[in-house]
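To start, I am sharing the structure in question, which I have written as structure tokens.
The values are calculated or read from the model by the stated rules, or taken from the named source; none is laboratory data. Computed from a predicted model, the values in this text were never measured in an experiment. FYI the Cβ positions are ideal-geometry reconstructions off the backbone, even for glycines, and counts take in every protein chain you see.
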Amino acid sequence: MNPLRAAVALPLLAAFVAAQEPEEPTDPGYRVIGSQVVVEGAEQWAAWQAPEGAAVVGEDGVSPRLLQRRTNVTLNAERFFFYDGDQDTIYGGVRIARSGAETAELAIDGDPTTYWEPDPTTPVDDWVLEVYLGRSVVVEQVIVRFAAEGEGDPFLKFRVRLSDGDDFIERTSVVEYFRAGQVNIANKDQREFVFDVRPQRPVPDGVAGEVVQFVRIEALDSDGPRGREVDAYAYAALPAEEKGAIDYFRRTVTGRVLPVDELTWIELPDEERGPVSYFRWERPRLAEIEVVSPGENIVLLTQERINREQGVLGNVLRALTTDGNVGSESLIKPYDPLRDRN
């Protein structure tokens, strides 16, 4: 046989044989058992047709996707993620906690009885908590709740800063913030603060809020060892680590009281001894950060599965415009009216 003919015939024969092989049947998404139609497991539920993203498929069945209004977007931040420039996966949640990192997640767990507690003996500049929401959302309000009376103290002074994360490219990126709220007057009693977020760019009338990916809480001042004044008996009962300052005063002949050190106070005659003030240490405890959005990002939720399965290269334009990340972008060619295409 001619070798050239054989070389041509073999691939054709292989293609013919492959074409004759029966295709494996696709799972119809159910089994018929007697008079019953049985659907078992997530794979069979996934075989049923539904608009992309409209159904949530799990091992226990399928349910319609719930879209909520006025949501606290910190509660599910950890289920969203971002691939940075080094292809590291960065999940939503606490990104920075300079002090008290072991309790930082408790500030976004939805439980007002738990709290983030920075170490009161560290510099107040370290009382910083930054939360990455995992995606871009429109934020209308930020609500800051401190521990209840008797459970802890609010920050004496603090501010809330936000960022759209437009320049968040990799884990080490330095993002730019705008201020959403600030408490400049020393506060020891108010436990809840509500800050309305104003648009930072031109928007139509009636539009509230701003696009946000990062929320940052920064303490600005502290009374440290003079957190709260107590009487001498309460002071004596405090644990050693909670015993704060003791201030001594001298009383002048005009009735004025002047601060003095302990040794000077002891040596004063009785008529010149002024009051003694006892304090416990400040206990800064942030119970909850609530970041309020008017609703879910429907595009992100409905395209999330297909983007994850196909990756960016599956459809670059769709992936980068529906990933919920305002910092990602896709270049679009200008429209050519002569060729009727971009």
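Considering only strands (runs of 3 or more DSSP E) fully contained in region 121-237, which possess at least 3 residues that are under 23 Å from residue 105 (Cα atoms) and touching a residue at least 60 places away in the same chain (Cβ under 8 Å)?
In region 121-237, 128-139, 141-146, 157-163, 210-221 are the strands (runs of 3 or more DSSP E) which contain 3 or more residues that are under 23 Å from residue 105 (Cα atoms) and touching a residue at least 60 places away in the same chain (Cβ under 8 Å).
Step by step: first the residues of region 266-303, then only those that are assigned to a helix (DSSP H, G or I) and among the aliphatic types (A, V, I, L, M), then the one that is farthest from the chain's Cα centre (by Cα). Which residue is that?
Within region 266-303, the match that is farthest from the chain's Cα centre (by Cα) is 266.
Quick check on residue 304: is it surrounded by 10 or more Cβ atoms within 10 Å (Cβ to Cβ), out of contact with any strand residue (DSSP E or B) (no Cβ under 7 Å at 6 or more places or on another chain) and acidic (Asp, Glu)?
Answer is yes for this residue.
When you go through (1) more than 17 Å from the chain's Cα centre (by Cα); (2) under 17 Å from residue 210 (Cα atoms) one by one for residue 149, which number turns out not to apply?
If we test residue 149 against (1) more than 17 Å from the chain's Cα centre (by Cα); (2) under 17 Å from residue 210 (Cα atoms), just (2) comes out false.
Hey, another quick one. From 312, 276, 253, grab the single residue that is among the aliphatic types (A, V, I, L, M), more than 30 Å from residue 195 (Cα to Cα), outside the structural domain of residue 112 (by TED's automatic domain parsing) and modelled with pLDDT of 95 or more.
Sole residue among the options that is among the aliphatic types (A, V, I, L, M), more than 30 Å from residue 195 (Cα to Cα), outside the structural domain of residue 112 (by TED's automatic domain parsing) and modelled with pLDDT of 95 or more: 276.
For region 185-196, state whether one or more residues are of a type outside the set (D, E, K, R), surrounded by fewer than 16 Cβ atoms within 10 Å (Cβ to Cβ), more than 20 Å from residue 325 (Cα to Cα) and touching a Leu at 6+ places or on another chain (Cβ under 8 Å).
yes
Out of everything in region 53-107 that is on the phi > 0 side of the Ramachandran plot and touching a strand residue (DSSP E or B) at 6+ places or on another chain (Cβ under 9 Å), what residue ends up being surrounded by the most Cβ atoms within 10 Å (Cβ to Cβ)?
Restricting to residues being on the phi > 0 side of the Ramachandran plot and touching a strand residue (DSSP E or B) at 6+ places or on another chain (Cβ under 9 Å), the top hit is 100.
Something else now. Modelled with pLDDT of 95 or more, surrounded by 12 or more Cβ atoms within 10 Å (Cβ to Cβ), over 29 Å from the mean Cα position of the chain (by Cα) and closer than 20 Å to residue 156 by Cα, is that true of residue 226?
Against the criterion (modelled with pLDDT of 95 or more, surrounded by 12 or more Cβ atoms within 10 Å (Cβ to Cβ), over 29 Å from the mean Cα position of the chain (by Cα) and closer than 20 Å to residue 156 by Cα), residue 226 qualifies.
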